[in-house]
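Engineer: Starting off with a structure, shown below.
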Amino acid sequence: MEKTNLSENLTAITRSFPNPDCLLVAVSKTKPIAAIQEAYAAGIRDFGENKVQEMTEKEAALPKDIRWHMIGHLQRNKVKYIVPFVHLIHSVDSLRLLKQINKEGRKINRVIPCLLQVHIASEESKFGWDEAELIAFLHGEEIDELQHIRVLGLMGMATNTSDTEKIRSEFHGLSALFERLKRSELPSQVQMEELSMGMSGDYQIAQEEGSTMVRIGSAVFGARNYT
Ligand SMILES: *Cc1c(COP(=O)(O)O)cnc(C)c1O
């Protein structure tokens, strides 16, 4: 295993941010509690996980001022385990999932902060809303019934490619959609404030294109053995 110095990694990453105000969400999936404690000691409070069970186990074992971000595809039957504590669900990729989050939020009388994940990559496998569907939903009536969710913005993942111009154009498109929605009339439970885009390999491009939060795993914690 590669030896990493976490606090040095963190300093180097944040120094290389084109936008110093962008929030770094440290993606700790597959990493042990000890690694999160090390990042916590270095001042990080926002952590991203992509599996419900892993997130709930870590949440139970770690300080309560950590803000837990769900970033991975979320199954509807598992929503109930995270709604009591999750800080932000980045990966709301369908209306069915959003309705389930609303239902579980209502049960515990909590409004759940969400981002809508938009499909911007050319890969088939990436989850998310398409642009037309998203616009129709945000300006439609179905959202009026969802009073236990708060949509705080959008999330997207670029195509996994070394073609930086392609990555840039995908982020640029998402950012343009975000800005356009921001200027439009939106229901009270929607505030277009956060744009979650950028990972270890593309966070600088993402920030140049307007990202407000980046989700960085391997550049902080070192390579993962599995994903
Ligand atoms: C794993 C993951 C990341 C972080 O990826 P790195 O390349 O390790 O920075 C970001 N976003 C999502 C949705 C992920 O699943």
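Engineer: Taking helices (runs of 4 or more DSSP H) that fall entirely within region 129-227, which contain at least 3 residues that are in contact with an Asp or Glu (Cβ under 9 Å, 6 or more places away or on another chain), more than 12 Å from the ligand (Cβ to nearest atom) and without any contact (Cβ under 8 Å) to a residue 60 or more places away in the chain? Walk me through it before giving the result.
Structural biologist: Details: elements: 131-138, 164-183, 203-208, 218-221.
By residue number, 164-183.
Engineer: Considering only region 200-227, state which residues are at pLDDT 95 or above and surrounded by fewer than 19 Cβ atoms within 10 Å (Cβ to Cβ).
Structural biologist: S200, G201, Q204, E208, G210, S218
Engineer: Another question, then. State the number of residues belonging to region 97-137 that are within 30 Å of T164 (Cα to Cα) and among the β-branched types (V, I, T).
Structural biologist: The total comes to 3.
Engineer: Could you tell me how many of the residues in region 31-65 are more than 14 Å from the ligand (Cβ to nearest atom), surrounded by fewer than 19 Cβ atoms within 10 Å (Cβ to Cβ) and of a type in the set (A, V, I, L, M)?
Structural biologist: Here the count works out to 7.
The values are calculated or read from the model by the stated rules, or taken from the named source; none is laboratory data. Keep in mind it's a predicted model, so treat the numbers as computed, not measured. Cβ atoms come from the backbone with ideal geometry, glycine included; neighbour counts cover every protein chain shown.
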